[in-house]
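The values are calculated or read from the model by the stated rules, or taken from the named source; none is laboratory data. As the structure is a computational prediction, the values presented were derived from the model and not from experiment. Reconstructed Cβ throughout: ideal geometry from the backbone, glycine too, with neighbour counts over all protein chains shown.
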Amino acid sequence: MKTLSRLHEKLSNGEFAVTGECGPPRGSSKEVIQKKIKLLNGFVDAVNVTDNQTAIVRMSSIAASAHLVAQGLEPVMQMVVRDRNRIAIQSDILGAYSLGIKNILCLSGDHQKFGSQPDAMNVFDIDSINLVRTVKDMRDKGKDMSGFDLDVAPRMFIGAAANPFADPFEYRVIRLAKKIDAGADFIQTQCIYNMDRFREWIRQAADEGLADKVYILGGVTPLKSAGMARYMNNKVAGMDIPEEIIKRMDGIDKKNQADEGIKICLETIQELKEMDGVHGVHIMAIEWEEAVGLIVEQAGLK
Amino acid sequence: MITASQKPINEIAELVEPYKKVLILGCGTCVKTCFAGGEDEVAVLASVLRLKFKKMARSIEIEELTIERQCENEFIQEASSGVDRNDAILSLACGAGVQAMAKRFAKKVVLPGVNTSFIGIQESPGIFTEECSGCGNCGLATFGGICPVTRCSKKLLNGPCGGSQKGLCEIDPDTPCAWHLIIERLTTLGQLDNLKTYIPPKNWNTSLSGGPRKLIREDHII
Amino acid sequence: MKIHNKPKLTLFHCLNSFKETASMFDGCEVKTVKMACSSMTKDVHLLRAFESGADAVLVLVCREKACRYAEGSIRAEKRVNYVKTILDDIGMDGKRLNIFNTSSKDSGSINDIIKKTLLELEIIGPNPALNHFN
Ligand code: SF4
Ligand code: SF4
C-alpha cells in the first residue's frame, strides 16, 4: 500500500516517529503560526494542529494546517465533534484534503463548559469513533456518509486519541479496540507521567492482539514548573501525574525546574523508545515550542 | 416527570406588571412534584407578588387556582371561569401546559411563571436529575438502562471519553460519568459485550432535530 | 403614609419552645401562632404574616435534638432561609424574619430575642409593604 503521508511512511518503515503540537493563535495572525513552524520544522515528522482546544476560540485547525503545508511542515489536523455536525465535518474533511492536509486526528473535544464561551450550544452529532469510521469510509470506499460517490476521495492517515489514565481502566483497551476497528491507523495518547499504568495498558493492548494493528505514539509534555504539574493534575481532565513526579519537581530550585521537567520528559521518551508496541512519541510542549528542538536532539531522535 | 423551577420573582413581577387582574394557575402533576407550580407554590407566589406590589404602591388583584393538569383540555375546562375574570394568566405549568392554555384561550394573555427544564426523576429528596431527552428512538436496552444521549455530557455512544475519572464526568465533580455507570451496570448484568460492537451515528431525525414532532394514533382519532 | 405606633411582631412557635411571661411584649404588639411542631413552619404562613401587617416575624423552635419530630427544626430553618431570600429579592429585607432555637423554660433568652428584634426594626424600619395601603 502506498503511504498516505510522510508520518505514515516513517511509521511504516518501522522508524520511531516524532510529532509535535501547535496551538493556533487567538486571532488571525499568520506570523504567530510561522514563528511556531520555525521552531518545530526539522525536528518533528508532523505537527498536530489543535481544534479550538479547551473550547477556546482560535484560528481554525484547517486554516492553520494549511499554513503548515505551505511551509513544508506536515500537519496532523485535529478535528473535534463538539462544534460541527456531520455535514460540516465531512465538508471540512474534503476541503482540508484539497489543501494538502493528509493526517487527521479524530477527537470528541473538551466540553465547552470550561472554554471561553460556555453559553454555546454544542453539537456532538456523531462521536469520535463515528468520525474515525466516517473518514475511513470516505477514504477507502470513496463515499460520504450518505453513500454518495466522491469525485476525489480524501486519502487521509487516520488517528485517534487514547487516554490510558482515564477510568474505568478495564474499559480503556476495549475502547482502543473499537477505535482500531473503526479505522484508526495511529493512536496518540494522553501525556504519560504514570509509567506503570501506561505499561499495563500497553500490555493489555498487546494481549488483545492490538499492538500490530495500530501505531501508538506515546504522549509527553515537559513540565515547566512544580506549579504547572500540580495544576495539570488537579485541573486538566483525564490527567494523571503521580505524587513522586510532583515531589521531584518541588525538590528543585525554582529556576531549574524547567530543566528538570525536560529531564523527566527525556527519561519518559527513553522508556517509550525501548517499549514494545510503542512506535513513536507525541511531544506536546504547550506554549513552549522552543523546548521541542532541545528534547528531540537530546533524546537522539533526530 | 417534566421538571421546572420558578422564574426569579422580579422577572415574574415584570411579566404581570401591565395587568390589573391576574390568575396564577398551578398544575397539579409534574410541576407540583418538583415544587415549582403546585398549589403550595401558587399560594406563596401570590403572597409574594401582593407584598411586592403593595411595596411599590401598585394595586393588583390576584386570583389563585390549581388544576390537575394544564396539558389536557378536559382539566383546562375547570379554569375557564377564572380565566374569564382575569386580564392575564400566569401559568406555573411546564411549557406544554402554558401553550395548551394559550391554544385554548386564544384571546387571553398567558405568561410563563416557571422555566421548564427536563424529563427527569427525583433522585433523592429535593434533588432532580435529567434522565431522558426524548430522542424518539430509545437505545436503553443496549446501555443497561442508562441513557448516554442524555446523561453523557458529549452524547457519546461508543464509550467514555478521556475525561472520565473516578466515576465522574469531566464537566463537573458533581456529575457522575454516565459511561462509568453504564459499564458498571453492564458488568453486573454480564452484558459488557454490548459495548464491543460499533454503534453507528445516531439517526437524529426522530429527535427535535427533525423538526417539531407529532404523534399520531389513528385508532384514537374520531 | 401611615406607620403604626408600636412595632408589630408575629411569633410562630412550637409546643416546647415558648411560654409567654409578664412584660415580655412591652413596647410592641405581638400575635402568637402555635404550631404542633416546628416542621409545620410553612413559607406561605410566614409571608401572609407580613401581608397582614407584621413588621417582623419570629419563628421559635425547640433545639434540634429536643425536637419531638426528628428534623422538624432543620426543615423549619430551611423554610425560613428560603423566605428570607424571597424577602431580599423583593426589597423587603430578609432581616425581618428570623428563626431561633428556644425553650419554654428559658424566658430570659426569648426576652432578649424580642429586644434585639425591636432594635433591628429601628434600623430597617417598618414593613415597607404596608406604608401605603394600610
Ligand atoms: S435513548 Fe432516547 S428515548 Fe431512550 S432514554 Fe435516551 S433520550 Fe430518552
Ligand atoms: S466524562 Fe463520561 S459523561 Fe462526561 S463526557 Fe466523558 S464519557 Fe461523557
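When C:A129, C:A76 are checked against the criterion of being without any contact (Cβ under 8 Å) to a residue 60 or more places away in the chain, of a type in the set (A, V, I, L, M, F, W, C) and under 30 Å from B:K7 (Cβ atoms), a single residue qualifies: C:A76. Looking across segment A:123-133, the residues that are touching a helix residue (DSSP H, G or I) at 6+ places or on another chain (Cβ under 7 Å) and away from ligand 1 (no atom under 16 Å from the Cβ) come down to A:I129, A:L131, A:V132, A:R133. Exactly one residue out of B:G126, B:G139 is within 14 Å of another protein chain (Cβ to nearest Cβ), surrounded by fewer than 16 Cβ atoms within 10 Å (Cβ to Cβ) and under 19 Å from B:T206 (Cβ atoms), and it is B:G139. For segment B:70-77, the criterion of a residue being surrounded by fewer than 16 Cβ atoms within 10 Å (Cβ to Cβ), free of Cβ contacts under 8 Å to residues at least 12 places away in the same chain, within 13 Å of chain C (Cβ to nearest Cβ) and in contact with a Lys or Arg (Cβ under 9 Å, 6 or more places away or on another chain) is satisfied by no position. Screening B:V149 against (1) away from chain A (no Cβ under 12 Å); (2) touching a residue at least 40 places away in the same chain (Cβ under 8 Å); (3) β-branched (V, I, T) leaves a single unmet condition, (1).
Of all residues in segment C:25-49, exactly one satisfies the criterion of being assigned to a loop (DSSP other than H, G, I, E, B) and within 14 Å of C:F100 (Cβ to Cβ), namely C:T41. Screening B:P112 with (1) within 14 Å of chain C (Cβ to nearest Cβ); (2) within 22 Å of the chain's Cα centre (by Cα) gives one miss only, at (1). Looking across C:D93, C:D88, one residue alone is within 14 Å of chain B (Cβ to nearest Cβ), surrounded by fewer than 17 Cβ atoms within 10 Å (Cβ to Cβ) and among the acidic types (D, E). It is C:D88. When the residues of segment B:181-217 are filtered to those that are of a type in the set (K, R) and surrounded by 15 or more Cβ atoms within 10 Å (Cβ to Cβ), the one that is nearest to the other protein chains (Cβ to nearest Cβ) is B:K202. Candidates in segment B:165-184 are the residues that are touching a helix residue (DSSP H, G or I) at 6+ places or on another chain (Cβ under 6 Å) and outside any loop (DSSP other than H, G, I, E, B); of these, the one that is nearest to ligand 1 (Cβ to nearest atom) is B:A178.
Here segment A:122-135 is the region considered, the condition is being within 11 Å of chain B (Cβ to nearest Cβ) and hydrophobic (A, V, I, L, M, F, W, C), and the residue that is surrounded by the fewest Cβ atoms within 10 Å (Cβ to Cβ) is A:V123. Looking at segment A:136-171 only, could you name the residues that are more than 14 Å from every other protein chain (Cβ to nearest Cβ) and of a type in the set (F, W, Y)? Selection gives A:F148, A:F157.
In segment B:42-57, is there at least one residue being of a type outside the set (D, E, K, R) and surrounded by fewer than 17 Cβ atoms within 10 Å (Cβ to Cβ)? Yes, the conditions are met somewhere in segment B:42-57. Taken as a whole, the structure leaves B:I89 outside the set of residues that are more than 14 Å from chain A (Cβ to nearest Cβ), within 16 Å of ligand 1 (Cβ to nearest atom) and either crowded, with 19+ Cβ neighbours inside 10 Å or within 24 Å of the chain's Cα centre (by Cα) (or both).
For every residue, the table says whether it meets (1) outside any strand (DSSP E or B); (2) near ligand 1 (Cβ under 9 Å from one of its atoms); (3) at positive phi.
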{"site": "B:F128", "(1), (2), (3)": "no, no, no"}
{"site": "B:G134", "(1), (2), (3)": "yes, yes, yes"}
{"site": "B:L140", "(1), (2), (3)": "yes, yes, no"}
{"site": "B:L157", "(1), (2), (3)": "yes, no, no"}
{"site": "B:C161", "(1), (2), (3)": "yes, no, no"}
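B:G144 satisfies every condition listed in (1) without any contact (Cβ under 8 Å) to a residue 60 or more places away in the chain; (2) out of contact with any Leu (no Cβ under 7 Å at 6 or more places or on another chain); (3) in a loop (DSSP other than H, G, I, E, B); (4) more than 11 Å from chain A (Cβ to nearest Cβ) except (2). Restricting attention to segment A:25-61, the residues that are out of contact with any strand residue (DSSP E or B) (no Cβ under 8 Å at 6 or more places or on another chain), charged (D, E, K, R) and under 22 Å from A:L107 (Cα atoms) total 2.
From the list A:I283, A:I202, A:I187, A:I262, the one residue that fits, being β-branched (V, I, T) and without any contact (Cβ under 8 Å) to a residue 40 or more places away in the chain, is A:I187.
Within segment A:254-287, being buried (at least 16 other Cβ atoms within 10 Å of the Cβ), within 16 Å of the chain's Cα centre (by Cα) and assigned to a loop (DSSP other than H, G, I, E, B) holds for A:V278, A:H279, A:M284, A:A285, A:I286.
Each residue in segment B:12-44 was checked for being within 14 Å of chain C (Cβ to nearest Cβ) and assigned to a helix (DSSP H, G or I), and 10 of them qualify.
Quick grid of which residues meet (1) closer than 24 Å to C:S52 by Cα; (2) touching a Ser or Thr at 6+ places or on another chain (Cβ under 7 Å):
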| position | (1), (2) |
| --- | --- |
| B:L15 | no, no |
| B:V48 | yes, no |
| B:Q70 | no, yes |
| B:C94 | no, yes |
| B:K108 | no, no |
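Counting the residues of segment C:50-78 that are assigned to a loop (DSSP other than H, G, I, E, B), surrounded by fewer than 17 Cβ atoms within 10 Å (Cβ to Cβ) and modelled with pLDDT under 85 gives 5.
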